[in-house]
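Read the structure below first, then the notes.
FYI, it's all coordinate maths here, none of it is from the lab. These numbers come from a predicted model, not from an experiment. Cβ: placed from backbone, ideal geometry, glycine included. Neighbour counts: every protein chain shown.
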Amino acid sequence: MDYRFAEEKDAALILTFIRALAEYEKMADQVVADEPTLRHWIFEEKKAEVIFALEDGKEVGFALFFHNFSTFLGRTGIYLEDLFVLPEYRGKGYGKGLITTLAQIAIQRGCGRLEWWCLNWNKPSIDFYLSLGAEPMKDWTVYRIAGDTLSRLGAASSN
């Protein structure tokens, strides 16, 4: 199995994988990303990275990730935003290979952890993550401010 980092010319391919993941997660209507936006944030601003899993030179899976920071550990970590393997290539080890590659990157970069979120209904992925030794963070709840709420809060006076 081969893996490679995405290059700027891969923006359309990254978007294809994002849309396929959104379809799988029943969230296709929420994808507003486009190629110029991905090019800007991933390759120009360098706010995220992408690795592809390859079979015979063809991209069959991807992982999009970025660094976060743990104040308790005093070091960076890797946050896996998206992991997706095309359905016809599942069960061949590409998902495990992508996670293993991310773990290797985390070690090489001196990171303290690798973490991600998973939808509660996604039992196949949960079972897969548990088989790797991942531990669910049962005492934590994810909170989010986005869209109009983010705009309102950001525009609010600090009085």
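Some observations on this one:
- Test for T149: is it β-branched (V, I, T) and more than 19 Å from the chain's Cα centre (by Cα): yes
- Selection over segment 95-104 of residues that are without any contact (Cβ under 8 Å) to a residue 24 or more places away in the chain and either surrounded by 15 or more Cβ atoms within 10 Å (Cβ to Cβ) or hydrophobic (A, V, I, L, M, F, W, C) (or both) gives a count of 1.
- Matching residues, segment 1-19, being assigned to a loop (DSSP other than H, G, I, E, B) and within 30 Å of K123 (Cβ to Cβ): M1, A6
- Residue in segment 111-127 that is surrounded by the most Cβ atoms within 10 Å (Cβ to Cβ), counting only those that are in a loop (DSSP other than H, G, I, E, B) and polar (S, T, N, Q): N122
- Filter result (surrounded by 15 or more Cβ atoms within 10 Å (Cβ to Cβ), in a helix (DSSP H, G or I) and free of Cβ contacts under 8 Å to residues at least 24 places away in the same chain) within segment 20-52: A22
- No other residue among I99, I105, I78 is over 16 Å from A48 (Cβ atoms) and among the aliphatic types (A, V, I, L, M) apart from I99.
- Condition check for T76: within 19 Å of I105 (Cβ to Cβ), β-branched (V, I, T) and over 14 Å from the mean Cα position of the chain (by Cα): yes
A quick yes/no check of all residues on (1) surrounded by 10 or more Cβ atoms within 10 Å (Cβ to Cβ); (2) part of a loop (DSSP other than H, G, I, E, B); (3) on the phi < 0 side of the Ramachandran plot; (4) in contact with a Lys or Arg (Cβ under 7 Å, 6 or more places away or on another chain):
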| position | (1), (2), (3), (4) |
| --- | --- |
| A63 | yes, no, yes, no |
| A106 | yes, no, yes, no |
| Y129 | yes, no, yes, no |
| V142 | no, yes, yes, no |
| D148 | no, no, yes, no |
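- Residue list for segment 90-104, restricted to those being small (G, A, S) and outside any helix (DSSP H, G or I): G91, G93
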